[in-house]
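Beneath this line is the structure, given in structure tokens, with notes to follow.
Read-outs throughout are calculated quantities, based only on the coordinates presented, and are distinct from any laboratory measurement. Since this is a predicted model, take the numbers as computed values, not measurements. As a convention, Cβ positions derive from the backbone with ideal geometry for all residues, glycine included, and neighbour counts pool all protein chains shown.
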Amino acid sequence: MNQQAAYPIAKKLPQELVTHGDKRIDNYYWLRQQDNPEVIDYLTAENSYTEDKMQHTEQLQKSLYDEILSRIKETDLSVPYRLQDYYYYSRTEEGQAYPILCRKYQSLDADEEILLNENELAAGKEFFSLGVASISPNQQIMAYSTDTTGAEQYTLFFLDLTTRELYSETIPNTYYSAAWGNDNRTAFYTKVDDTNRPYQLWRHTLGSDPSNDVLVYQEDNEAYYLSVGKTRSRDYILLDLGSKVTSEVHYLDADNPTGKFKLFQPRQTGIEYSIEHHSDRFYIVTNEEAINFKLMSTPVDRPDKTNWKTVIPHREDVMLEGIDAFKEYLIIYERQAGLPTARIQTLATGEITHLSFPEPTYSFYGGNNPEFDTVKFRFGYSSMVTPSSVFDYDLATGERELKKETEVLGGYDRTQYASERLIATATDGTEVPISLVYKKGIERDGNNPLWLTGYGSYGYAYPATFSSVRLSLLDRGIIFAIAHIRGGEELGRKWYEEGKFLHKKNTFTDFITCAEHLIAENWTSSDRLVTSGGSAGGLLMGAVINLRPDLFKAVVADVPFVDVLTTILDTSLPLTVLEWEEWGNPNDAEYYDYIKSYSPYDNVTAKDYPNLLITAGLNDSRVKYWEPAKWTAKLRELKTDDNLLLLKTNMSAGHGGASGRYEYLKEIAFEYAFVLDRLNLTD
């Protein structure tokens, strides 16, 4: 293998990892030593090599960045939503990387009140992320939290919105969720353990020393996440505990925030449920004896399961994804035939209204709906050709009003683009959907460049949404496709179950099936096909190119979870025990052997691989930087081709990459430039 410039070579320091008597030599295990200067030197050398190999694309990167930015309305405003006496919204300003959170009193014509200017909070910091932004019931205090490393550990602050003064207390090591008691003095928040798992619920009294805060609940089972929230009715605070397969909810009267949480229903392995409050009832969405979930209800004062009544029974062909309860209506979110839908039930009459959408593949989701007593339901809609749109739906009349469609500057004409939904048939006969978008006028002659992406884990249904950024691909003749593979939840819970545990390889073979289908149907060819995936989607990339490297010209693997076996054997790492309910417990010989058989890092062999761009974040708490770093080192050691292999580590960010919209767009321009360069589409 001869590349034009000398690439970094990671030294090999063998260390044995022994499990079930099987000895695996991990030559690059030493790269886990983040405090070792040699590790930082190696990552820096890889970054320098990447910069050198991409230097000839610098003008292309700039052109891509400029054209991507030119489509974005930099000074813009979100659709305001009403909460009691105020209209809340966020806005952006040209040249400013972060949003500004604002509100107006009673009328949109009133003077603007700036709640938080994230740009001021981010000033002088290499990374910034806003976590919690929660307004007290009287709307006079804001609890907000910030992360300045990318490690997803937030510091919680309290801001008096009347005086604009911060309260003296700050609370470190918190996570994303928080909730206010109705007394406007009590705030609940979650804290993380050494593995960054939210495991404690704390109660804080505004203006007091956090050292006097009360530990309300601690979850010692490492398979469970803890979060806190509030019902739309504002009557209850909910403590949610969940693993990948089991749920438990505790609830507290929000008017009595110093009271004791009540257990709604004890956890039962394999049973998931969530609750929503309405008047004298709780609604329960659960998968007990209902793989696609069903809807139950019970009196608030008799939550025991013996009192549950069926509202919507289980259906084999429809998955119940959740509900929103309003004073007079229920919004019921469903997924049918791979597409998201919803129906509205009038509580007084039981009358059902269905929401329908016109395009063959699209994304739909509930919007910001904080008010309980309202006849307006806000939702978001997008497709691969329709920009993100916000609608208000009148629950009484059935009329929908478009409040805003995200403006695409530069004269975007959706009639010049087409989206389709294709079906690829796997070797076991399973039909796998593909969402596709392209600029009209292409010929299906096998010569089109095509970018295929996917995820296929954790039951995540990959949404078919619009991207103005993606126009830089489509306008260069690149077809963009999403493979809705097993392991996601596009076709119901069974679709997810068939892509996890000892069925995980279906995820990878489904993706290969989709690639082969696109080639067979002359949408593209293997020397014009590129692919990408991030996190667990990066695992997908690693597994697929071990199986069929010949299918792809180039691959982008963002923060890829590729060292699966070593990671989930190490319980000192974040998320590890939770991951056992997705991949299996590797302390069980059957799961150990199965995971080892597909783990990308463990299955790198001496053969030709596609061109590869691999990214990492030094402060990533979800996929540690060493996974992509070790994978890169092993690929360099064993691959037999002359294709480009690049590792790009963000030395001041975490799992989500760079913070701030401008730096984020630069990262996208870099990845696009890599792909266009490999496809010889740089003119």
- If you take the beta carbon distance between residue 365 and residue 52 as r and set R0 to 56 Å, what does 1/(1 + (r/R0)^6) give as a FRET efficiency, to the nearest 0.05? 0.85
- Please list the non-local residues whose amide H lies under 5 Å from the amide H of residue 498, H modeled 1.01 Å from N, same-chain partners needing a gap of 5 or more. 487
- Note on the structure: Expressed as a whole-number percentage, the relative contact order of the chain with C-alpha contacts under 8 angstrom and at least six residues apart is 11
- Task: Using a/c under 1.5 as the rounded threshold, could you call the chain rounded, prolate or oblate? The axes a ≥ b ≥ c are square roots of the C-alpha gyration tensor eigenvalues, and prolate needs a/b larger than b/c, oblate otherwise.
- Result: rounded
- Query: For segment 510-519, what does the Karplus curve 6.51 cos²θ - 1.76 cosθ + 1.60, with θ = phi - 60°, yield as ³J(HN,Hα) per residue in whole Hz, taken in order and with x for Gly and Pro?
  - Reply: 4, 5, 4, 4, 5, 4, 5, 5, 5, 6
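May I ask you to compute the full-extension gain from residue 166 to residue 593, defined as 0.36 nm times their residue separation minus their alpha-carbon distance, rounded to one decimal in nm? Write down the numbers at each step before the final one.
Details: separation 427, 0.36 × 427 = 153.72 nm, distance 5.41 nm.
Between residue 166 and residue 593, full extension yields 148.3 nm more.
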- Cβ-derived FRET efficiency at R0 56 Å, residue 681 paired with residue 253, nearest 0.05: 0.35
- Note on the structure: Cross-link reach from residue 440 to lysines, straight Cα distance under 27 Å and at least 8 residues apart if same chain, gives 62, 73, 404, 553
- Whichever lysines have a C-alpha closer than 25 Å to that of residue 23, once near sequence neighbours (fewer than 8 apart) are set aside: 11, 12, 504, 505, 596, 607, 624, 630, 634, 639
- Message: Output the 0 to 90 degree angle, nearest 10, between the alpha-carbon long axis of helix 626-638 and the longest principal axis computed from the alpha carbons of the chain.
- Response: 20
- Of the candidates 375, 450, 171, the farthest towards the positive dipole end of the chain (Lys/Arg Cβ +1, Asp/Glu Cβ -1, centred on the Cα centre) is 450
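Highest mean first, how do 537-548, 180-191 rank when packing is the count of other Cβ atoms within 10 Å averaged over residues? Can you show the working numbers first?
On the way: 537-548: 25.2, 180-191: 21.7.
Taking the mean over residues of other Cβ atoms within 10 Å, the ranking is 537-548, 180-191.
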- Debye, to nearest 20: dipole size of segment 391-504, +1 on Lys, Arg Cβ, -1 on Asp, Glu Cβ: 340
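How large is the dipole of the chain about the Cα centre if only Lys and Arg carry +1 and Asp and Glu carry -1, each at its Cβ, rounded to the nearest 20 debye?
Details: 68 positive and 102 negative charges, 140 e Å.
Roughly 680 debye, rounded to the nearest 20.
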- Positive end of the charge dipole of segment 99-185 (Lys, Arg +1 and Asp, Glu -1 on Cβ, about the Cα centre): tell me which of 146, 159, 135 has its Cα farthest that way. 135
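For residue 607 and residue 9, calculate 0.36 nm times their separation in residues minus their Cα-Cα distance, and state this gained length in nm to one decimal.
Numbers: separation 598, 0.36 × 598 = 215.28 nm, distance 1.84 nm.
Extra length from residue 607 to residue 9 when fully extended: 213.4 nm.
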- Task: Please say if segment 582-644 is rounded, prolate or oblate, where rounded means a/c under 1.5 for a ≥ b ≥ c the square roots of the C-alpha gyration tensor eigenvalues, and otherwise the choice is prolate for a/b larger than b/c and oblate otherwise?
- Result: oblate
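How much net charge surrounds residue 173 when only other residues with a Cβ under 15 Å from its Cβ are counted (Lys, Arg +1; Asp, Glu -1)?
On the way: positive: 191, 197; negative: 147, 152, 169, 193, 194, 213.
In short, -4.
Rounded, prolate or oblate, given the Cα gyration tensor of segment 274-344, with a/c below 1.5 counting as rounded?
Working: a/c = 2.95, a/b = 1.42, b/c = 2.08.
Judged from the Cα gyration tensor, segment 274-344 comes out oblate (a/c at least 1.5, b/c at or above a/b).
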- Note, segment 236-250: 3J(HN,Hα) by Karplus (6.51, -1.76, 1.60, θ = phi - 60°), whole Hz, Gly/Pro = x, goes 9, 9, 10, 9, 9, 10, x, 9, 5, 10, 9, 10, 8, 10, 10
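What number, rounded to the nearest 500 deg cm²/dmol, is the helix-based mean residue ellipticity at 222 nm of the chain, given -39500 (n - 2.57) per DSSP H run of at least four residues and division by all its residues? If you can, show how the numbers build up before the last one.
On the way: 12 runs with 127 residues, N = 683.
Value at 222 nm, helices only: -5500 deg cm²/dmol.
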- Item | Order by protection proxy (mean Cβ within 10 Å, highest first), peptides 229-238, 555-564 | 555-564, 229-238
- Item | Those lysines that a straight Cα-Cα span of less than 19 Å connects to residue 125, excepting residues fewer than 8 apart in one chain | 666
- Query: Among all stretches of the chain without exposed GluC sites (Glu not before Pro) (DSSP loop, at most 11 other Cβ atoms within 10 Å), which one is longest?
  - Reply: 444-683
